[in-house]
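The values are calculated or read from the model by the stated rules, or taken from the named source; none is laboratory data. Worth saying up front: this structure is predicted, and the values here are computed from it rather than measured. No Cβ is skipped: glycine too gets one built from the backbone with ideal geometry, and neighbour counts run over all protein chains shown. Side chains are part of the model used for accessible areas, which takes the heavy atoms of the whole protein and leaves out ligands, DNA and RNA. Shrake-Rupley method; radii C 1.70, N 1.55, O 1.52, S 1.80 Å.
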Amino acid sequence: MAKHHHAHDTHCDHSHSEGCDCTPALFVDMIESAGLELSRRGFIKGLGALGGLMAFGGLAAAAETPLLEGTRAETIYFGGPIRTMVSEDDQPEALAVAGGRILATGSLQEVMATRGDDTRMIDLAGKTLMPGFFDPHSHVALQSVKFSTANLDPKPIGEAGSIADIQRILRDWIKEKDLKPGQWVIGWGYDDTGIEEKRHPTREDLDAVSTDHPILLVHISCHLMTGNSRMMEACDITADTPDPKGGVIQREPGSQTPNGVLEENAMMLAGRHLPMPTPEQAMTLITQGLERYAEAGITTAQDCATFQGTWNLLSHMDEQGLMPIDVITWPLYEAVDDDTFSRIAANPGMSHGRLRLGGIKFVVDGSIQGYTAYLSEPYYVQPGDTAPMTDKCNTGPAERLFISADNQETQTGGSQSPTTTGQDFRGYANMTQEQLVSWISRCDASGIQFQAHTNGDAATDMLLKAVETVRKDKPRPDLRSTVIHAQTMRDDQLDTLARQGMTPSFFPIHVYFWGDRHRDQFLGPARASRIDPARSALDRKLKISLHHDAPVAGISMLNVAWSAINRVTTSGKELGPEQKLTPFEAFRAITADAAWQNFQEDRKGTLEVGKLADMVLLSGDPMTVDPMTIRDLKVVQTLKEGRVVYSAQG
């Protein structure tokens, strides 16, 4: 039976105070403005939306040149565990690399046959070599922006456990970045529900940090922000400023004086005053973000919901050789007009260098912790008297999105958001059944892969009903249609996935970060114990992947695997131990099977002869260490096509 929840006093009537999967519009605008400026300068030749990509042609020659017979190794690795991820017992003694590819694996004697006069011999000294991690789902551009801000994520994701912690982090940020008076201080990720005071930092709290700098903090939900007096002054927000339509300027008790907190559309009062990066600054920011991904052992990352400006930047970066690792992009369905759809259909999976187009992304519902996931049964604790506001993750002017330049219309979705809540609130869908049928039919007919975001099982019901309406008894395993998050997927739904040749990508880090609240607040014990049912999926012979959905929960793939293996919450309690994976299964899901899910298994995911030498060197062997210590392993080195792109040694 659903319980009723009276929200804490945040002066906010929506229920996005728990971190959701939304995109902060002001940060999107930063990247988009820079990318669109790049296009106006004419740096991207022939770019309609996919025009620049079409002009690129095939894959980079270095990645496609076959290894010739008699090729000598550039590097030979030996002296530690080598986990190819082909099978659990496939552990060659040595591995040779040449021309960015795996040249040979086997016994040291066998591999030494490829040694030449200039071959480098690398003794692993007991460290473990395995395929580079393959990120199945994240948002590279937004995570790169987050890296450029002060990290205010709550514990245990970050270090912000109180307002005092937030103040300390901001003071350290000002000092570390040597910010001069007048320069903006931007923080991202604070959570009023995750700090001791259970409230938002106010103007006065932030004035205690500095009155020389405009300070702006973005809430973890991306639906609120707060700032200091200097920020309010810079943005002309005063006691006389009215609340904008669809937004609230919070006021100090008994007065009209702003307390610093801005809700929803009121955030744009500040956003329009933020300094916008130049294209060069934006590309540097993304490059640095990709370097951080490499530091986490990731050799292929994803930008899921790629906007037009972001595509411009990534395209130019790829042309200039500025991308240290590979990136796969996915435009949102709402932003794909007929012309763009035709271009994607004519060139599925097109690539150039380190940039690749995946397919089309659907967003069927919201997030469980935002009360916007669409469930078949009511939320365990009801959100309150006012319904959560519709997620804005996939809305905005079409000109900002990944579509042809001549289509400037905003395309409306199918949100079914309620206006009030009762005792049976179940969330809502962001798409209609008719939209799903139409889009799946179009994608299937044109051979286009899709990713579909579903967190709630009712949203998954809608997706699978549409799939069965379109495909009937003719599965399309060739398309590898992927269900993203799939957090509350039931056994009958997994059966349908298996029957239709589909594949899920789970979000197991939720078990650790939000598992206690899923059990006690959002889903209740029974449903929470089944969240991210990876074991049930494998029992049905489904191939799966595991993701972190950055910037939602950091970029550590070791944390992702650890969560799937141990299923321990922040309180130290196991949640659904029957859904645990073995270490090998979890690491297959972030290497070989993640590559397969993205049609990259012929080039990536395992250490086999002829594949790219995308590799990560770990401080220990995740297959043999205590499973609870897997997240404590260190990435010692990351190699992209045999070249070191990160080294802990500097």
Condition first: in a loop (DSSP other than H, G, I, E, B), in contact with a helix residue (DSSP H, G or I) (Cβ under 8 Å, 6 or more places away or on another chain) and open to solvent by 10 Å² or more (accessible area, probe 1.4 Å). Can you find one or more residues in the range 561-569 that meet it? no
Thr591 being open to solvent by less than 10 Å² (accessible area, probe 1.4 Å) and closer than 15 Å to Thr128 by Cβ: yes
Just to be sure, is Arg540 without any contact (Cβ under 8 Å) to a residue 40 or more places away in the chain and surrounded by fewer than 20 Cβ atoms within 10 Å (Cβ to Cβ)? no
Go through the range 101-118 residue by residue and tally those that are surrounded by 15 or more Cβ atoms within 10 Å (Cβ to Cβ) and assigned to a loop (DSSP other than H, G, I, E, B). 1
Close pairs from the range 107-123: first without any contact (Cβ under 8 Å) to a residue 12 or more places away in the chain, partner part of a strand (DSSP E or B), Cβ under 8 Å, at least 6 apart: Ala113/Ala104
Any hit, the range 605-612, residues being among the hydroxyl-bearing types (Ser, Thr, Tyr), over 13 Å from Phe133 (Cα atoms) and in contact (Cβ under 8 Å) with a residue 24 or more places away in the chain: no
Which residues, taken from the range 127-160, are part of a loop (DSSP other than H, G, I, E, B), open to solvent by less than 20 Å² (accessible area, probe 1.4 Å) and either among the aromatic types (Phe, Trp, Tyr) or farther than 14 Å from Gly187 by Cβ (or both)? Gly132, Asp135, Pro136, His137, Ser138
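Criterion first (under 16 Å from the mean Cα position of the chain (by Cα), of a type in the set (Lys, Arg) and closer than 29 Å to Arg643 by Cα) does Arg356 satisfy it?
Details: under 16 Å from the mean Cα position of the chain (by Cα): no; of a type in the set (Lys, Arg): yes; closer than 29 Å to Arg643 by Cα: yes.
Here the answer is no, as Arg356 does not meet what is asked.
Based on this model, can you work out whether Thr638 counts as crowded, with 19+ Cβ neighbours inside 10 Å and part of a loop (DSSP other than H, G, I, E, B)?
The answer is no for Thr638.
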Would you confirm whether or not the range 265-273 contains a residue that is assigned to a loop (DSSP other than H, G, I, E, B), open to solvent by 10 Å² or more (accessible area, probe 1.4 Å) and at pLDDT 95 or above? no
Among the listed residues Gly289, Gly297, which satisfies the condition of being at positive phi and of a type outside the set (Phe, Trp, Tyr)? Gly297
Evaluate the range 426-441: report whether one residue or more is small (Gly, Ala, Ser), modelled with pLDDT of 60 or more and not in a helix (DSSP H, G or I). yes
